[in-house]
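Shown next, in structure tokens, is the structure this report addresses.
The values are calculated or read from the model by the stated rules, or taken from the named source; none is laboratory data. For clarity, every value in this text was computed on a predicted model and none was experimentally measured. A quick note on method: Cβ atoms are made from the backbone with ideal geometry, for glycine too, and the neighbour counts reach across all protein chains shown.
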Amino acid sequence: MHTGKGWKCDVTEYVGACTICGSGKGYRPWKNGLRQRMPVQELSRPFSLLLVDAIRPLVTTPRGNKYLLVFADYPMRWVEAFPVKALDTLTYVNLMIDEVISRHGVSERLLSDRGSNFISTLAQSFYETLRIKKLFCAAYHPQTQGSVVRFNGTLLVMLRMFVEEAQQVWDLYLPRMVFVYRTSDHEALGDSPFFSLYGRDPILSLDLTFSNTSNDWKSSEVAAYRRKLFLSLRDSRRMVERQLLNAQDRQERRLDGQVEVQCEVSDAVWIYQYFRARRGERKMEKLAFSWHGPYRLVGRLGRTLTAWPHLLIPIESRLSM
């Protein structure tokens, strides 16, 4: 129906009211809600906050491994990565106990997405038994656990360089790639995760080649060495805290041009989610709609623009010929 505003205006208004066009043709938003800082001062102790994520699926190896479970210590950026055959809760809990807690102790907090293996009844019982405070990242917002997500990308690039022609052996190269990451300088730390955790650098094969090794202590000097190590670790922790705060400052400066988006009650909005399929549907991510709506806001959003379901009501399509 022609409204007299001009054909261009009519077409724009018509297309703008089309729910299919809005769901499938919208671009990823470049104006996001404002970022929030991790409380670095509260997390300066090693393994005070543990991040866990899964990489799925990779090429199945002759040993039956198909997935990767990754654990990352937020303060020290120390990582543990394990090839697994399945991502069920039992595998996750056993790895957590045998390979993480047995080496580093129990973490105060654990951050993950809402994967079923992280929120099952068994997992909840595990957290309660060890008094681990379970935290969840916002749905479809991987930036919440950005450090482990970035490591996943780095790890896959490193593995790709070694297994380009024989991808079935990626699990054999995994421990070496993880060690390389741990002993490499990290921008946010200003040092390597290995030094940040242990207060010393590892002896590498290159050091042995050039006889670049020395004994800092003898058996009769254990007490003095212990004191020296304590002071070194204390200074290392303080340095890590300063470096993490400086890294957060740098990230905020990069986002100086970020605009705080204001959404008022009764506004019509679209919600961006990278991929969401309804229960029982089998859809590929590449062909799924990223935008969902439109919705009417019935409450105020926070500064991070997280759209909680109780703040939204659907708007019926108003298209008419």
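Key figures for this structure:
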quantity: Residue that is farther than 30 Å from M239 by Cα, in the same structural domain as G190 (by TED's automatic domain parsing), crowded, with 17+ Cβ neighbours inside 10 Å and modelled with pLDDT of 90 or more, where the choices are V100, V84; calculated: V84
quantity: Residue count, region 155-210 (criterion: more than 16 Å from D73 (Cβ to Cβ) and polar (S, T, N, Q)); calculated: 4
quantity: Residues (within 30 Å of T60 (Cβ to Cβ) and either of a type in the set (V, I, T) or crowded, with 17+ Cβ neighbours inside 10 Å (or both)) located in region 169-192; calculated: V169, W170, D171, L174, M177, V178, V180, Y181, R182, T183
quantity: Of residues in region 58-91 being of a type outside the set (A, V, I, L, M, F, W, C) and under 17 Å from the mean Cα position of the chain (by Cα), the one nearest to T121 (Cα to Cα); calculated: Y67
quantity: Qualifying residue in region 60-74 (condition: assigned to a loop (DSSP other than H, G, I, E, B), touching a His at 6+ places or on another chain (Cβ under 9 Å) and closer than 16 Å to V106 by Cβ); calculated: no
quantity: Residues located in region 172-190, provided they are of a type in the set (D, E, K, R), assigned to a helix (DSSP H, G or I) and in contact (Cβ under 8 Å) with a residue 60 or more places away in the chain; calculated: R182
